[in-house]
Amino acid sequence: MADELFAILTFRAGYNTAVVIAGVIALGAGGGVIGILSFLRKRALISDAISHATLPGIALGFILGVSFGGTGRELPVLMAGAVATGALGILCVQWIRDRTRLPEDTAIGTVLSVFFGLGIVLLSHIQTMETGGQAGLNSFLLGSTAALTAGEAQLIAVASLVAICCAALLLKEFGAVAFDEGFSKALGWNVTRLDLAMLGLLLAIVAIGLKTVGLILIIAIVIIPPAAARFWTERLGRMAALSGLIGALSGWIGGAASALFPKLPAGAVIVLTAAAFFALSLLFAPKRGVIAGAARLLLQRASAHRTEALIAAAEGRTPTGTGRALARIGGLLDAAGLLTETGRTAATDALRQRELWRRFLRAHPEETLAFRPLSGGRIEDALPADLVRALETGRS
């Protein structure tokens, strides 16, 4: 099994399998990069509305294709219909948000439910048509990765590359709008157009991913990789690149797992692989991860206990508990609980830090909840140097 998995991962398990793996890698990379824009704009769920809004377009594309003598399953026609109603869904959300008092989440929920309901009605009508039984449109709900053709894989790759290049060219503008809309307006940028450009790129990724993972699971492809990447960095460029990498790896590994176990649906496996990357990021990211956060909290508590023990010894009281043990381990207290030479230096500094924090909090009581004087953080690292000097001279 290991040899077979290696062959799949290295594109040596057959032409069809290689086509599928390449297609889902391209889709994952595109979804990860484009998804970071809506994620940072705090509009991640707009992808949900877009994906559901494409369903009536797919059904209408099938009906029109049949009406003009085709089979109704021509992918360009179906994609054109999906893009048309998806764009209409975007405009409806924008209009409801801008022209009414309803919040955006209400607009998204309204558009999502109405368009999806219309799509279901049209699919029901298609089943009554003579060609309805062979429509195969249900694959657009949950995806049909295994049936991906070389032409479709090439379309996904080209569309993803174009979308990524467009996002890279406008990354500065998109980032400014996402982080500070008011600043962007002050620079003279048209925020509404930039928003529509973001949503247009998102619509392109959703449309090309419908056949692969389906309109339900495509949402995860544009949400989970950006959420995972956010744990690792705060730089926009790095975040976009990392999100694209996570999306591509999710497609690569998930597609390979699905090829190794044919009974597993590829779209769902890809999404679960992305979820695994998210879980790893949540736990092990060095700054924002749960484990790193717990470790920092433990270190802060240990530092606070040790500082309290040093202050107690310096004031003639007997240190007790965890603080005494930690101070002894650090060579700051001897066996009798008295300060060593190193401990006296550390205690003097601790007393100075405590007094400066007290002066600062007396002068700025509104900052009480923002600082923890005994958590191990030095006042020089938290406050400007001129303010620290003023505290030392009692002029704050």
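The values are calculated or read from the model by the stated rules, or taken from the named source; none is laboratory data. This one's a predicted model, so the numbers in the text were calculated from it and none came from an experiment. Quick reminder, even Gly has a Cβ in these numbers, built from the backbone with ideal geometry, and neighbours come from all protein chains shown. Surface accessibility is based on the protein's heavy atoms, side chains included, excluding ligands, DNA and RNA. Shrake-Rupley method; radii C 1.70, N 1.55, O 1.52, S 1.80 Å.
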Residues of segment 280-299 that turn out to be touching a helix residue (DSSP H, G or I) at 6+ places or on another chain (Cβ under 7 Å), surrounded by 15 or more Cβ atoms within 10 Å (Cβ to Cβ) and free of Cβ contacts under 8 Å to residues at least 24 places away in the same chain, as a count
0
Counted residues in segment 265-298 being within 19 Å of Val213 (Cα to Cα) and either among the basic types (Lys, Arg) or not in a helix (DSSP H, G or I) (or both) come to 1
Of the residues in segment 5-18, how many are in contact with a helix residue (DSSP H, G or I) (Cβ under 6 Å, 6 or more places away or on another chain) and either open to solvent by 20 Å² or more (accessible area, probe 1.4 Å) or not in a helix (DSSP H, G or I) (or both)?
5
Residues of segment 71-109 satisfying the condition of being polar (S, T, N, Q) and under 15 Å from Leu55 (Cβ atoms):
Thr85
State whether one or more residues within segment 32-42 are outside any helix (DSSP H, G or I), of a type outside the set (A, V, I, L, M, F, W, C) and within 22 Å of the chain's Cα centre (by Cα).
yes
For segment 300-332, how many residues meet the condition of being closer than 17 Å to Thr342 by Cβ, assigned to a helix (DSSP H, G or I), touching a residue at least 12 places away in the same chain (Cβ under 8 Å) and not hydroxyl-bearing (Ser, Thr, Tyr)?
10
Only one of Gly323, Gly316, Gly289 is in contact with a His (Cβ under 7 Å, 6 or more places away or on another chain) and either at pLDDT below 85 or among the small types (Gly, Ala, Ser) (or both), namely Gly323
Within segment 85-117, residues being without any contact (Cβ under 8 Å) to a residue 60 or more places away in the chain, open to solvent by less than 60 Å² (accessible area, probe 1.4 Å) and hydrophobic (A, V, I, L, M, F, W, C) number 4
Among residues belonging to segment 315-331 that are surrounded by 14 or more Cβ atoms within 10 Å (Cβ to Cβ) and out of contact with any Pro (no Cβ under 7 Å at 6 or more places or on another chain), point out the one that is nearest to Ala304 (Cα to Cα).
Gly323
Need pairs with beta-carbon distance below 8 Å; first residue over 18 Å from Thr85 (Cβ atoms) and within segment 35-55, second open to solvent by 10 Å² or more (accessible area, probe 1.4 Å) and outside any helix (DSSP H, G or I); sequence gap 6+ or separate chains.
Gly35/Ala44; Ser38/Ala44
Hits in segment 56-84 - residues which are in contact (Cβ under 8 Å) with a residue 24 or more places away in the chain and among the aromatic types (Phe, Trp, Tyr):
Phe62
Single condition Gly32 does not satisfy, out of (1) crowded, with 16+ Cβ neighbours inside 10 Å; (2) out of contact with any Ser or Thr (no Cβ under 7 Å at 6 or more places or on another chain)
(2)
Is it fair to say Phe11 is within 16 Å of Ala157 (Cβ to Cβ) and either modelled with pLDDT under 85 or among the polar types (S, T, N, Q) (or both)?
yes
Among Gly72, Gly57, the single one that is in a loop (DSSP other than H, G, I, E, B) and either crowded, with 21+ Cβ neighbours inside 10 Å or modelled with pLDDT of 85 or more (or both) is Gly72
